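What follows is a set of notes on a single structure, which appears directly below.
The values are calculated or read from the model by the stated rules, or taken from the named source; none is laboratory data. As the structure is a prediction and not an experimental result, all values here were calculated from the model. Glycine also receives a Cβ, built like all others from the backbone with ideal geometry; neighbour counts cover every protein chain displayed.
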Amino acid sequence: MVIYYGCRHCGKELGVLQHTEMDITLRFLELLEEKDLAEMIVSEKDGYFRLEVICEYCQQALDMHPDYHELDHFLQ
């Protein structure tokens, strides 16, 4: 299994986890509620998964403009 990490706002690829690195990530995901998991994990066409998180750039933009939290995609 492979999990790709990407920013939910700008789409930037942040990293890839191979099956050898899954143990810690899966433990972290167990701490989240099902609703949050459903929003974060996307099943790709090739059978892999994409974990949508927020990159540093987008987090800084959200910190500077809190009203952006209301928008699904604030970058045009």
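Somewhere in segment 65-74, is a residue surrounded by 13 or more Cβ atoms within 10 Å (Cβ to Cβ), in contact (Cβ under 8 Å) with a residue 60 or more places away in the chain and more than 18 Å from GLU13 (Cβ to Cβ)? Yes: one or more hits. Listed by position, the strands (runs of 3 or more DSSP E) inside segment 9-76 whose residues that are at pLDDT 75 or above, in contact with a helix residue (DSSP H, G or I) (Cβ under 7 Å, 6 or more places away or on another chain) and not aromatic (Phe, Trp, Tyr) number at least 2 are 49-53. Pairing residues of segment 33-55 that are closer than 17 Å to GLN18 by Cα with residues that are in a helix (DSSP H, G or I), at Cβ distances under 7 Å and at least 6 apart in sequence or on separate chains, gives LEU51/MET40; GLU52/MET40.
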